[in-house]
Amino acid sequence: MTIEFSLSKKQEFLRDSIQNLTKFVIRPQSLAWDKAHGIPETFLRQMATLNTSMTSSTKKESGEKEERGESTGNFGMKNLDTLLVTEELAWGDAALPLCMPGPGLGGPPVRGTGTPEQKKRYLGIFEDMSESLKYGAYALTEPGAGSDVAGIRTSCRKEGNDWVLNGRKCYITNGARASWNVVFATIDPSLGRAGHRAFVVEKGTNGFSVGRIEEKMGLRASETAELVLEDCRVSEDCLLGGEASYQSKEGFMTAMKTFDNTRPIVAAMAIGIGRAAYEYARDFVKENYALTRHVPRVAAIYERLAKVGRNLSAARLVTWRAGWMADHGIANAKEASMSKALGGQAAIAACIEAIEICGVEGTLQKDHQLLEKWFRDIKVYDIFEGTGQIQRIVISKRLITNLKSF
Amino acid sequence: MISFEPTEDDTLMQSSVADLAQKALRPKMREHEKAREISAEAREAAFELGLGLLGLPEAVGGAGLGLRTAVALEEEVAAGDPGAAFALAGPSAFGTCLVELGSTEQQEKYLAPFAGAGGHTRFGAVAFGEDKPVVERAGFRTTATKKGDAWILRGKKSYVRNAGRADVLVVFAQVDESAGWDGLAAFVVKKDQPGVGVGERETTLGLDVADVGSIVLEDVEVRDDARLLGGDDFASSLLRFFAKEALLVAARATGLSREAFEIAREYVDTRKAFGKPIGHFQAVAFTVADRAMDVEASRSLVQRAAAAWDAGEPLAACLLHTGHAVSFALEAAMRNGDTAVQLHGGAGFMRDYPVEKLMRDAKQIQLCVLTSEQADQLAAAAELGQKVPLGLVLPTPETQSTLV
């Protein structure tokens, strides 16, 4: 081993083919998707065939790894590969990575804590998406519990062989269209984390309904739903991992395990959007700030550009490192949070600075719609999957002795 | 393949250098600072490890190791004492300069003595900076005038590290005053040549264990074969020298960041206020988390840039990565030094604790070789695919002078 940053032949091929797709197919449709306010179904259907072939070609490999307990990303790719692909997709369209069919954020908890039967039942449906797009989703956030995940109020009580769920979940990506949601509930709020249970609730279950679809500042091509559980009755084999696995703090840890895997991916999305804005500003400078003669204050513009560039580069490297650690079975909770915190911040700054660099022109929807779109899209990257502040809590708990809570 | 795991050889070397840094440099940090030099004993121990020579070609007694190894070792030395990283014996910047600008014969001739016995007493220097801009034109005041097959150097160079200690140095001078930056040339000058004088040693805010001074040149005659031509393209070679040397400084800045961070982290664990360790307050804990990210990001960027040079990536890519690493790591070092003092409260201001020194060293490191501002200009020019504007990128009295 040695320290190096070159891509393998396979990774290069993967990146190059996705770059072709994003440049010639995705980016040109990005604004239309944003205006249409909904997931780009037609495009995703076209892509589904490709996804299916990707899944089946890598399935054998990933199956072996999962047996050995190694973590695998989407489509059986290694974490690092997933990060490379995700950055490119987000470069093409900021909302697209969130619209990709598959188990989504619901995947890691099912994969990580589901019983063999549950894994087969819930993950098996994604093997063939040639007929229709299929989604899984992850329902944790509630109107009264955002960062304070432990404070969820959605209740679950055992009745015979069933569980009865009551409560509201909000801001659930793909929650409305998902074949199933991993729903977090509590047997008793006073128990805190120990009272948490995770259920897989299938679409069409009695008592499960979709509330409103949110209108958002950005990422408008991604669908965000409110879910309502009113005496929603599920059988006991929907309890993720089975009752025995909740004797410890597992319930809450199930929620958190998801984040170690997904935070670097979300960081990669942010970096892809930030890079898009950065390159846009760079090209604007090239074309408009003529360099054949002296332009006043051009050095100040250069400095702004370089600051954006270095922060994106730093975030990307830390994100790669978090992914690399996961691929090598090294615990990476701290690094995963670092990547998310750095990626979100760097990308938000990139989208803000890109507009500043272009001047007021950058705010004109007529000519620079992408810039104003990215500005709207990026903000939530320092909020969802753990705000920047939550990342700092995760990081500092791993640096400061005996720090349990503030 | 993307990989963050160093080779076994590098890991071994890194741990022996860390050992030296923590046992021979760290405990003597204040002593060395007071004496304003690194003890002969510590210099000898470092020389025996091969420090300072590792990156030089094997032909001149170096180990021919790449920058990835070099930056890892520089980080360790600086974590022990940032001052030592600038004050240990060896060719230092003179070595990098010879490798980038000199011919193979010149490298052998001038660098071989550093590898021989008594190497721990030999220092090299690069006399680049000047303290006053030439208002009417770009470039420097110091001139080199052709006289037969020799050159006559006249002028004064400032902010020269090892000005007093070096017995051999590279002097930059204008061979063509009308050509601005294109009229710049480099010459190897020996300290004992007639006309070479050393100004008074400066006292600096930080890194004062390093010797900083000026070189006065009064009609110094050097032979034409002492001129470093920089291959086909002097400007590119000059940029490579500054970029690589600045990357080593960025690695030292990372070592400083790491050490300041570790000291602060230990302190917030033990210092109590309002009935609990101060690290248990969010305002403190979040600051610690931010500085941890600074260390992590600095190291990754430095490694990335070093890997680009080692892999022979195109010059623009190397300059881009180096620009990012340098500007980030230098600013992160200042943040880390500042935070470490701040979290110590009043105690941080006292010389009983090491953090005030690290904070002073951090400011000084930001003014070594390339500043963040210059590194940003470098990265932007590389990103925009432009000819690098030397006047904005290199340290000059017109923009910002640095210690080289």
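Tabulated data for the structure shown
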| quantity | calculated |
| --- | --- |
| Every residue from the range A:364-397 that is under 14 Å from residue A:147 (Cβ atoms), of a type outside the set (Gly, Ala, Ser) and not in a helix (DSSP H, G or I) | A:383, A:384, A:385, A:387 |
| Subset of the range B:1-47 [over 16 Å from residue B:67 (Cα atoms), among the charged types (D, E, K, R) and in contact (Cβ under 8 Å) with a residue 60 or more places away in the chain] | B:30, B:33, B:36, B:37, B:43, B:44 |
| Single match in A:261, A:311 (criterion: among the polar types (S, T, N, Q) and without any contact (Cβ under 8 Å) to a residue 40 or more places away in the chain) | A:311 |
| Some residue of the range B:216-225 being of a type in the set (Lys, Arg) and assigned by TED's automatic domain parsing to the domain that holds residue B:361 | no |
| Qualifying residue in the range B:286-299 (condition: of a type in the set (A, V, I, L, M, F, W, C), assigned by TED's automatic domain parsing to the domain that holds residue B:270 and in contact (Cβ under 8 Å) with a residue 60 or more places away in the chain) | no |
| Residues of the range B:103-152 that turn out to be aliphatic (A, V, I, L, M) and surrounded by fewer than 21 Cβ atoms within 10 Å (Cβ to Cβ), as a count | 8 |
| Residue satisfying condition, being aliphatic (A, V, I, L, M), surrounded by 21 or more Cβ atoms within 10 Å (Cβ to Cβ) and in contact with a Phe, Trp or Tyr (Cβ under 9 Å, 6 or more places away or on another chain), within set B:17, B:60, B:71 | B:60 |
| Residue list for the range A:312-326, filter: surrounded by 24 or more Cβ atoms within 10 Å (Cβ to Cβ) and more than 7 Å from chain B (Cβ to nearest Cβ) | A:312, A:315, A:316, A:319, A:322, A:323, A:326 |
| Candidate set: the range B:254-294, residues that are within 30 Å of residue B:382 (Cα to Cα) and facing another protein chain (nearest Cβ under 10 Å); chosen: the one farthest from the chain's Cα centre (by Cα) | B:290 |
| In the range A:257-295, residue modelled with the highest pLDDT [restricted to those that are among the aromatic types (Phe, Trp, Tyr) and surrounded by fewer than 24 Cβ atoms within 10 Å (Cβ to Cβ)] | A:280 |
| Cβ pairs under 8 Å, 6+ apart, first in the range B:335-357 and under 18 Å from residue B:205 (Cα atoms), second among the basic types (Lys, Arg) and assigned to a loop (DSSP other than H, G, I, E, B) | B:357/B:351 |
| The listed residue being within 16 Å of residue A:266 (Cα to Cα), within 14 Å of another protein chain (Cβ to nearest Cβ) and in contact with a Ser or Thr (Cβ under 9 Å, 6 or more places away or on another chain), out of A:390, A:395 | A:390 |
| Residue match in the range A:296-308 (condition: among the basic types (Lys, Arg), at positive phi and either at the interface with chain B (Cβ under 8 Å from one of its Cβ atoms) or surrounded by fewer than 20 Cβ atoms within 10 Å (Cβ to Cβ) (or both)) | yes |
| Any pair with Cβ under 6 angstrom, 6 or more apart, that starts in the range A:1-22 at a residue that is more than 13 Å from chain B (Cβ to nearest Cβ) and ends at one that is assigned to a helix (DSSP H, G or I) | A:18/A:85; A:18/A:88; A:19/A:88; A:22/A:88; A:22/A:91; A:22/A:92 |
| Any chance residue A:104 is modelled with pLDDT of 50 or more, under 18 Å from residue A:221 (Cβ atoms) and within 14 Å of the chain's Cα centre (by Cα) | yes |
| Cross-chain or 6+ apart pairs with Cβ under 6 Å, the range A:209-224 first and more than 16 Å from residue A:137 (Cβ to Cβ), then among the aliphatic types (A, V, I, L, M) | A:221/A:95 |
| Qualifying position, being in contact with an Asp or Glu (Cβ under 7 Å, 6 or more places away or on another chain) and at pLDDT 95 or above, among B:284, B:212 | B:212 |
| In the range A:16-50, the residues that are modelled with pLDDT of 95 or more and of a type in the set (Lys, Arg) | A:23, A:27 |
| Residue count, the range A:22-40 (criterion: over 10 Å from residue A:221 (Cα atoms) and surrounded by fewer than 18 Cβ atoms within 10 Å (Cβ to Cβ)) | 6 |
| 1 or more residues crowded, with 19+ Cβ neighbours inside 10 Å and at the interface with chain A (Cβ under 9 Å from one of its Cβ atoms): qualifying helices (runs of 4 or more DSSP H) within the range B:306-404 | B:315-344, B:372-383, B:390-393 |
| Selection status of residue A:181, touching a Leu at 6+ places or on another chain (Cβ under 8 Å), outside any loop (DSSP other than H, G, I, E, B) and crowded, with 24+ Cβ neighbours inside 10 Å | yes |
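The values are calculated or read from the model by the stated rules, or taken from the named source; none is laboratory data. If you're wondering where the values come from, they're calculated on a predicted model, not measured in any experiment. For neighbour counting, all protein chains shown are included, and Cβ atoms are generated from backbone atoms with ideal geometry for every residue, glycine included.
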